[in-house]
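The values are calculated or read from the model by the stated rules, or taken from the named source; none is laboratory data. Predicted model only: the values in this text are computed from it and were never measured. Every residue, glycine as well, gets a Cβ built from its backbone with ideal geometry; the counts of neighbours run over all protein chains shown.
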């Protein structure tokens, strides 16, 4: 960060109740579970999870036993209201997603908003982030970035993002599924020769791969590779051309 920071170790007695903890989870490598991650999950009364089955595997790995309840974009307002009532009654919750940081391109933002409106303490428990992981290896000294969530399926909204990339400086980052990544690159980026793109696949996992170059160069390599796993894409409009390459491990 370039600035000296003072760090301290949390004590269990410092954990606040009632509190909604927004807990980041590994994006692929279970070794990325932090000590604070384990401490907070051990202290809360309940865990809210995007997919309880995925979360139970994570808790088992960490040696934790907790009551896990489903919370997703399909959760009803009544379920959110029940969580808020329990928080106001003095209970504590940890909100986690299947991978990465909750409430970012994630339905957890609704629950956070309701908690804040009701005066409930909301505390982030920092950890893995696919967006920040990609930016850290992007290789361009650019301080500004813009995150768009999952790239839109509707053409009108997709063109709006392209327009922002053209007009707004910085690295533009979005998620894409393995079922749409090739189509998205072909439909909206392949002719952008002045774009520099970095695509991260299976980040932090055994077969982690980064594809670099113009969108056309990335598409050519990716079309001949294994298209599986979630993708995180970063792109910037640049006057300086960069050689395409693929960084692979595993």
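Results, tabulated for the structure shown:
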| quantity | calculated |
| --- | --- |
| Residue match in region 163-183 (condition: within 23 Å of residue 101 (Cα to Cα), in contact (Cβ under 8 Å) with a residue 40 or more places away in the chain, assigned to a loop (DSSP other than H, G, I, E, B) and touching a helix residue (DSSP H, G or I) at 6+ places or on another chain (Cβ under 6 Å)) | no |
| Tally, over region 65-108, of residues that are out of contact with any helix residue (DSSP H, G or I) (no Cβ under 9 Å at 6 or more places or on another chain), within 20 Å of residue 126 (Cα to Cα) and free of Cβ contacts under 8 Å to residues at least 60 places away in the same chain | 2 |
| Any hit, region 31-38, residues being at positive phi, under 19 Å from the mean Cα position of the chain (by Cα) and not assigned by TED's automatic domain parsing to the domain that holds residue 202 | no |
| Candidates 138, 147 - the one that is surrounded by 12 or more Cβ atoms within 10 Å (Cβ to Cβ) and either part of a loop (DSSP other than H, G, I, E, B) or without any contact (Cβ under 8 Å) to a residue 12 or more places away in the chain (or both) | 138 |
| Only one of 23, 47 that is modelled with pLDDT of 90 or more and more than 19 Å from residue 129 (Cα to Cα) | 47 |
| Residues satisfying the stated conditions in region 47-86, i.e. crowded, with 17+ Cβ neighbours inside 10 Å and assigned to a strand (DSSP E or B) | 47, 48, 49, 68 |
| Flag if residue 157 is within 22 Å of the chain's Cα centre (by Cα), touching a residue at least 12 places away in the same chain (Cβ under 8 Å) and either farther than 20 Å from residue 130 by Cβ or surrounded by fewer than 20 Cβ atoms within 10 Å (Cβ to Cβ) (or both) | no |
| Yes/no for residue 133 being in a strand (DSSP E or B), under 29 Å from residue 31 (Cβ atoms) and at pLDDT 90 or above | no |
| Output for region 84-109, where each listed residue is under 29 Å from residue 131 (Cα atoms) and modelled with pLDDT of 90 or more | 92, 93, 94, 95, 96 |
